[in-house]
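Have a look at the structure below, then the notes.
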Amino acid sequence: MQSESNRIDWLTIGQLGVGVVSCLISFLLAGMLFLLGGQVMLNPGTTAADYVVFFLLAGLSAGVGVLNIPSVVLAVRSVGGRTTDLKIRIGTYQLAYYAVLTVPLILLLGHLISQSSLAWLVLPFLNFLALLLPIWWIIEFGRRNLSSGSPQRSWGLVSVSLSITPIVVILVEFFFLILVVLAVLLVLGSQPVWMERFNQLVIQFNQGEINPAFAQTLLMSAFESPLVVMVLFFTVGLLMPLIEELLKPLGLWVLRKKVLSPAEGFSAGLICGAGFALMESAVLIAQSGGESWAQMVLLRIATSILHITASGLVGWGLACAWQQKSIKRFLLALLAATAVHGVWNSLAILSALLPYLTGASQPTFVSAIPVGLTMLVLFSILVGLSVVLFRTNRRLQVEPAKVDVSLQSPPPRV
């Protein structure tokens with residue numbers, strides 16, 4: 001029978017394996033994307049957007065590799081018997097606060113660089129910093145003065161959230177998206193008008209040349225169908241948010257057998273949401289090729305608050321469920337996170353579809369009113385999430401003491 005000191009910590013071994021593999025793949029992928037971007041850049045007739053996307057993705061991959069290094073180092077120390085259960089250093093929040101003050105300067109510099117010939121070289125670094133620093137501050141703001149567990153646990157969650165969670169979320173969402181699309185196609189295909197349109201699309205596809213005007217007409221006709229609009233809002237407003245809120249704290253699910261306080265669950269959830277937000281934001285910005293870079297970064301920072309706060313609430317609910325053997329708080333937290341996420345997604349889609357739904361070919365004052373109201377509601381949600389983050393932190397600062405007292409054994413009789 002193995003003694004407690006000689007027992008193999010498979011969780012640490014797994015953390016080490018995930019970190020090492022993620023580092024190797026990230027740095028290798030960064031090198032390949034950099035070379036590919038250079039090759040595209042040298043091709044005649046290419047625009048900056050054609051090759052900057054590869055350099056932005058290369059910068060993301062390199063950044064992910066760097067962020068996995070602390071997890072690897074701490075896991076190695078733990079395997080070697082060196083303690084990693086260190087207290088959170090005082091001043092982490094202050095350090096994040098001073099770091100985030102540099103974001104406006106980074107945005108200004110990045111905006112200027114994105115319009116120059118040096119965008120491919122400098123923008124990847126600035127892009128990663130502009131996204132990382134606000135996310136870091138949101139984490140520290142949400143977990144300040146809270147028990148967050150050991151640094152090894154925190155960096156392990158970072159590693160999982162950057163390396164495994166996005167892949168799992170994409171695969172699950174893609175699977176359900178295929179099912180939804182097939183169901184819609186089956187329903188529309190039973191209608192003679194749509195059957196004829198699908199036949200024309202198949203003929204053009206087989207000929208290897210799809211008419212852009214026909215494709216645009218087909219898309220516009222789809223948006224005029226109540227079924228398509230209903231399914232679209234169901235997918236982005238309920239299905240996808242539910243999948244993401246369940247899977248974003250994937251690293252936290254691994255810690256189920258650990259005794260986590262609600263404060264530790266909340267802090268771990270913040271980290272899980274942050275890793276997902278960083279990956280999603282960086283990929284979406286890279287797809288734009290650096291165009292309207294500063295505006296997109298600001299938009300993604302706002303979305304990061306949504307992802308981080310929602311995951312923090314779900315993490316808190318999970319810790320409460322595991323500690324108190326009741327899933328009521330978890331279900332309420334999951335419902336709240338999914339609802340807010342779904343409303344956010346639905347309003348974002350609605351603002352993009354309003355010109356098509358109203359039939360306004362050119363923006364006018366009247367047509368801009370619904371868009372303005374939508375933006376106002378999104379801003380109100382953002383303010384509300386910030387308040388929730390602040391109040392949850394204040395509440396959890398005093399809650400652990402109550403929990404610890406309830407878990408302690410009664411004092412011995414004198």
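The numbers here are math on the coordinates, done by the rules we state, and not lab data. Computed from a prediction, not measured in an experiment: that's the story for all the values here. Methodologically, a virtual Cβ is constructed for each residue, glycine included, from the backbone with ideal geometry; neighbour enumeration extends over all protein chains shown.
In a shell of Cβ-Cβ distance under 14 Å around ARG256, excluding ARG256 itself, what net charge do Lys and Arg (+1) and Asp and Glu (-1) give?
Around ARG256, the charge tally is +3.
With a cut-off of 8 Å between alpha carbons and a minimum separation of six or more residues, what is the relative contact order of the chain in percent?
Normalised by residue count, the contact order of the chain is 19 percent.
Rounded to the nearest 20 debye, what is the charge dipole size of segment 10-399 about its Cα centre when +1 sits on each Lys and Arg Cβ and -1 on each Asp and Glu Cβ?
Charge dipole, segment 10-399, about its Cα centre: 1720 debye, nearest 20.
Report, ordered by chain and residue number, the aspartates and glutamates lying within cross-link reach of LYS325, taken as a straight Cα distance under 20 Å and ignoring same-chain residues fewer than 8 apart.
GLU264, GLU399, ASP404
Kindly express, to the nearest 10 degrees and within the range 0 to 90, the angle between helix 212-223's C-alpha long axis and the longest C-alpha principal axis of the chain.
Helix 212-223 sits at roughly 60 degrees to that axis.
Answer with one residue from VAL193, LEU378, SER292: the one whose Cα lies farthest towards the positive end of the charge dipole of the chain, charges on Cβ with Lys, Arg +1 and Asp, Glu -1.
Result: LEU378.
Tell me the label only: which of (1) 0.97; (2) 0.99; (3) 1.01 is Rg/Rh (Cα atoms, Kirkwood Rh) as calculated from this structure?
Working out Rg/Rh (Cα atoms, Kirkwood Rh) from the coordinates points to (3).
If you keep only loop residues by DSSP, which trypsin sites (Lys or Arg not before Pro) in segment 290-357 have at most 10 other Cβ atoms within 10 Å of their Cβ?
Those satisfying the criteria are LYS325.
Select from segment 146-224 those GluC sites (Glu not before Pro) which occupy a DSSP coil region and have at most 15 other Cβ atoms within 10 Å, ordered by residue number.
Here the GluC sites (Glu not before Pro) that fit, given the DSSP loop and packing criteria, are GLU209, GLU224.
On C-alpha positions alone, give me the angle between the axis of helix 365-407 and the longest principal axis of the chain, in degrees, nearest 10.
Relative to the chain, helix 365-407 is tipped by roughly 10 degrees.
Comparing GLY273, GLY17, GLY156, which has the greatest mean-square fluctuation in the GNM of the chain with Cα pairs linked when under 10 Å apart?
GLY17
Connecting C-alpha atoms closer than 10 Å in a GNM of the chain, tell me which of PRO212, PRO70, PRO124 has the biggest fluctuation.
Looking only at PRO212, PRO70, PRO124, the largest GNM fluctuation is found for PRO212.
Looking at the chain as a GNM with Cα springs under 10 Å, which of VAL340, VAL187, VAL231 has the largest mean-square fluctuation?
For the chain, modelled as a Gaussian network with Cα springs under 10 Å, the answer is VAL187.
Calculate how steeply helix 328-358 sits against the longest principal axis of the alpha-carbon atoms of the chain, using the helix alpha-carbon long axis, and give the answer as 0 to 90 degrees to the nearest 10.
That works out to roughly 20 degrees.
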